[in-house]
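Undergrad: If you scroll down you'll find the structure; I have some questions about it.
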Amino acid sequence: MLVISQDRLDGQVAGTSIRALELARAISASGADVTLAGVGEPPPTVAGLPCLGFDPQHPGAIAGAIKGADVVVTLPQWPPLMRLLRRTRARIVFDLYVPQALETIGGFPGSRDRVRHALTEYAIDRAVEALRVGDYFICATEGQRDLYIGMMLAERLIDGARVASDPSLRSLIDVVPFGLPQGPAAPTPGAGARARFPAIGADDEIVLWNGGIWPWLDPGTAIRAIGDVATRRPGVRLVFMGAASQVPAQRAGESARALAAELGLLDRHVFFNDGWVPYEERATWLLEAGCALYAHHDQLETRFAFRTRLLDAFWAGLPVVCCTGDELADQIEAEGAGHTFAPEDHVAAAAAVERTLAGGRAAFAAGLGRLAARHRWDAVAAPLVQYVSDGRSSQAPRRAVRPGHAARHGG
């Protein structure tokens, strides 16, 4: 087995790297011989697994590992690495849990139309080529699964013989959500929002935005909601826990800061961390908070995305206040793990935050516990582990890319 991360596996790791690492652990626990590959120069072993480094644009360092693998698990990659995958005899499993094309369409505000169009074309190319090259696919939600089955149908990759052999198509594409550790969250000494921001007092109520700020999210509604709540609960503090370095995220963060300053809330009721909290230190931030808060705009990316940071709230027993419109919000509402509100409705968001803080963690503990158990890595990775264990031979022919697609790859 070779599991390829799209990002670094050392330092401040991104969600895609965490997912690659945890899926590799789950597969390894089933008895497979697993090697990890990460961008850059990772240590020789990560989490007890042998690890290789590579450059996504010059992936020759892992060409031998790809050639020698029986199964490769990866997100859709850039053209040089996809060329290596097209030529291998290994079974290829593509992880489609990030709807990259939808992120790209909505993720570059202010960019020239030609730039955004080109980046969107590249993202679609990667997804389509993965569907044409892969043997098996995993995604994060049933909604995503419907999206990719629609893409397969449009690409004429589903035929009568395939459906006759498996009417559900679960042998082709199945759901593997993001997961959680098995053990409970435990605090890390010296880390947390109160240590990071001395202005937050011991008795203040922390509302935690425990991820980054991106253009498709809606920090403005969260900030306005906290402004409303502060008039009745003056000790409330909204903390934005993460800050990504990519330009779209930086622009979104600057806009959020400007709004908080304009409303007179910056560094009084609204606080912004200036980087990512290390993965191993996130528990303290979660355990200090009274609830988590997430807001997004009503758009395509939101409909098909999977908000992985909300899972950490389940793990830490932290009630969630979030927008309606995706599968996690439906689960939170159904299990009584928090409260939801309509997108861009800051009045409803404020009311939901107040109800959640007034109820306290104990009121939501049972529902959060059920969601945490449902999303443990050993549980969610079961379809992938089963596919690997079955040792199925490749069922999909290696289809050539389309001429325009190939031209962009060549460029």
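Undergrad: Using a basic spin-label model with each label point 7 Å from the Cα along Cα→Cβ, how many nm lie between ARG268 and GLU121?
TA: Result: 5.0 nm between the two label points.
Undergrad: With helices defined as uninterrupted DSSP H runs, which ones in the chain have an alpha carbon span along their own long axis of at least 15 Å and mean Kyte-Doolittle hydropathy of at least -0.5? Show your work: numbers first, answer last.
TA: Numbers: long enough: 15-29 (21 Å, 0.57); 113-133 (30 Å, -0.25); 142-154 (18 Å, 0.05); 219-230 (16 Å, 0.62); 247-262 (22 Å, -0.22); 346-359 (19 Å, 0.76).
In the chain, the long hydrophobic H runs are 15-29, 113-133, 142-154, 219-230, 247-262, 346-359.
Undergrad: Using alpha-carbon positions, what is the distance between the centroids of region 64-90 and region 296-346, in Å?
TA: So the two Cα centres are separated by 35 Å.
Undergrad: Ordered by residue, what ³J(HN,Hα) values in Hz, to whole numbers, does region 292-300 give under the Karplus form 6.51 cos²θ - 1.76 cosθ + 1.60, where θ = phi - 60° and Gly and Pro are x?
TA: For region 292-300, the Karplus curve yields 9, 9, 9, 9, 9, 7, 7, 8, 5 Hz.
Undergrad: Calculated FRET efficiency, ASP390 and ALA195, Cβ-Cβ r, R0 60 Å, to nearest 0.05?
TA: Calculated transfer efficiency: 0.80.
Undergrad: Which whole-number percent gives the relative contact order of region 1-159, counting Cα pairs below 8 Å spaced six or more residues apart?
TA: Reported relative contact order: 18 percent.
Undergrad: Something else now. With θ taken as phi - 60° and the coefficients 6.51, -1.76 and 1.60, list the Karplus ³J(HN,Hα) couplings across region 45-54 in order, rounded to whole Hz; mark glycine and proline as x.
TA: Once θ is set to phi - 60°, the couplings for region 45-54 become 10, 10, 6, x, 10, x, 9, 10, x, 7 Hz.
Undergrad: Here's something else I'd like to know. For the chain, give the percent of accessible area contributed by carbon and sulfur heavy atoms, probe 1.4 Å, rounded to a whole number.
TA: Ligands and nucleic acids excluded, carbon and sulfur give 53 percent.
Undergrad: If you don't mind, there's one more thing I want to ask. Under a 1.4 Å probe, what is the accessible area of region 1-66 per residue, stated in Å²?
TA: 40 Å²
Undergrad: What residues qualify as long-range amide H neighbours of LEU293, i.e. H under 5 Å apart, gap of 5 or more or another chain, H built at 1.01 Å from N?
TA: LEU208, TRP209, ASN210, VAL321
Undergrad: Long-range amide H contacts for THR35: which residues qualify at under 5 Å (H placed 1.01 Å from N, peptide plane, sequence gap of 5 or more or a different chain)?
TA: LEU2, VAL3
Undergrad: Report the label-to-label distance for THR45 and SER168 in nanometres (one decimal), using points 7 Å from each Cα along the Cα→Cβ vector.
TA: Rounded to a tenth, the inter-label distance reads 3.9 nm.
Undergrad: Please compute the per residue accessible area over region 149-208 with all protein chains in place, 1.4 Å probe, rounded to a whole number of Å².
TA: On a per-residue basis, 50 Å².
Undergrad: Counting DSSP beta bridges with both partners in the chain, what percentage is antiparallel, nearest 5?
TA: Working: 4 of 43 bridges.
Expressed as a percentage, antiparallel bridges in the chain total about 10.
Undergrad: What's the FRET efficiency of GLN246 with GLU281 using the Cβ-Cβ distance as r and R₀ = 22 Å, to the nearest 0.05?
TA: Here the calculated transfer efficiency is 0.50.
Undergrad: Taking only protein heavy atoms into account and a 1.4 Å probe, give the accessible area per residue of region 283-402 in Å².
TA: About 38 Å² of surface per residue is accessible.
Undergrad: What shape does the chain have by the C-alpha gyration tensor, where a ≥ b ≥ c are the square roots of the eigenvalues, rounded means a/c under 1.5, and otherwise prolate means a/b greater than b/c and oblate the rest?
TA: Judged from the Cα gyration tensor, the chain comes out prolate (a/c at least 1.5, a/b above b/c).
Undergrad: Please give me the summed charge of the neighbours of SER168: other residues whose Cβ is under 13 Å from its Cβ, Lys and Arg +1, Asp and Glu -1.
TA: My count for the surroundings of SER168 gives -1.
The values are calculated or read from the model by the stated rules, or taken from the named source; none is laboratory data. Since the structure is predicted, the reported quantities are computational estimates derived from the model, not experimental observations. For neighbour counting, all protein chains shown are included, and Cβ atoms are generated from backbone atoms with ideal geometry for every residue, glycine included. Keep in mind that these areas ignore ligands, DNA and RNA; they rest on the heavy atoms of the full protein, side chains included. Shrake-Rupley method; radii C 1.70, N 1.55, O 1.52, S 1.80 Å.
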